[in-house]
Amino acid sequence: MERYNLKSHNTFGLEAVADHFLEYGSEEELLRLIRQGCLEGRLLHIGAGSNLLFMNPEFHGTVLHSSIRGIEVLREDSEHVWVRVGAGEVWDDFVAYCVEQQWYGTENLSLVPGEVGAAAVQNIGAYGVEVKDLITQVETIDLDGVSRVFEVEECGYAYRDSIFKRADMKRYFVTRVHFCLSKKPHFHTEYGAIQQEIEKRGTLNLNILREVIIAIRQSKLPDPKVLGNAGSFFKNPVVSRTKYEELQRVYERMPHYEIDADHVKIPAGWLIEQSGWKGRTLGPAAVHDKQALVLVNRGGATGADIVALSDAVRKAVSEKFGIEISPEVNFID
């Protein structure tokens, strides 16, 4: 399709138009597009658009989207099940299916927006779980039509990062992702809010934990269908222990997470709130009043408006704490 409106393909709800938009529902369709020369020139492969910020109202190039679906059990034993999932599956639908099957591992990632392929590219994470810990393989097809399977060790996973985010790796399109999930109960309930909710309910099982995670996320994060946003906009910065101890002497109750002997992670949301930006607006963009990690489109915002707000927030945090916070969201110019 030509001159395609991308408003429904980015959760910020920004007006943006692509020169061309193509969607494929199978590996065979993708290979056909490659053979026909449809993927030449500037190319952007997207999932649900939940981690994108279109900086301009015009995208001059081709936007490509996968609608490859399917959840296939490859093998299983008494303790684990190995599944192969289409990149176009909605991530939370996959989580719901896992919980229904009583497969453990994905439940803490309930309600994370996006699709399975994008989850593998971004290395999504929440409440002590990262998707890299569940992935075993990532199937891809490159711009030459060559299939390649990446073992998890080859994916270069790090905090909200993978090799697939590198410019030279954009030639690879994720088609399917393999996961290893547990059949044995194994819960991650270390976060205080989760523990409190579990204690209120007096019991814990897979369904309850999913319900708790969803309730917590809904209480803090705005629905993109109501208020345009891309979820957590900033990464939580990792600082040296020396820097942490310096700040801790001033901010005794500063929340933090231990990384290793030399590094500590500090919540970006706390830094933003302490810098006075929680709930503040800048034109038609704003920092959410319940979760300072989230930037929102109050209506009619452009990509430039969101970038201006992001820059102002980053500057304030840097001036107050001497810490640079960086966007988790991908800026598309």
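A short reminder: the numbers here are calculations on the coordinates, not readings from a lab. Everything quoted here is computed from the prediction, not taken from an experiment. Positions of Cβ are backbone-derived with ideal geometry, glycine not excepted, and every protein chain shown enters the neighbour counts.
Of note:
- When the helices of the chain are scored as -39500 (n - 2.57) per DSSP H run of n ≥ 4 and the total is divided over every residue, the value at 222 nm lands at -7500 deg cm²/dmol.
- Selection of GluC sites (Glu not before Pro), region 187-273, meeting DSSP coil and at most 14 other Cβ within 10 Å: GLU190, GLU252
- GNM top mover of ALA120, ALA285, ALA96 - the chain, alpha-carbon springs below 10 Å: ALA96
- Length gained when the stretch SER26-GLN101 is fully extended (0.36 nm per residue, less Cα-Cα span): 24.5 nm
- Net charge of neighbours whose Cβ lies under 12 Å from the Cβ of TRP270, counting Lys and Arg as +1 and Asp and Glu as -1: +3
- Look at the alpha carbon pairs under 8 Å that are at least 6 residues apart: their mean separation over the length of region 2-66 gives a relative contact order of 44 percent.
- Inter-label distance, GLU40 to ASN207: 5.6 nm, where each label sits 7 Å from its Cα along the C-beta direction.
- Rg to Rh quotient for the chain, alpha carbon positions, Kirkwood Rh: 0.97
- Region 1-32 and region 189-244 have Cα centres lying 31 Å from one another.
- Helix runs (DSSP H) in the chain reaching 20 Å along axis by Cα, Kyte-Doolittle at least -1.0: 206-220, 303-321
- Segment GLU72-THR281, length gained on full extension (0.36 nm per residue, minus Cα span): 70.7 nm
- Using Cβ point charges alone (K and R +1, D and E -1), the dipole size of the chain about the Cα centre works out to roughly 840 debye.
- When only Cα pairs below 8 angstrom with a gap of at least 6 residues are kept, the chain shows a relative contact order of 17 percent.
- Chain lengthening between LYS220 and HIS188 when straightened (0.36 nm per residue, less Cα-Cα): 9.6 nm
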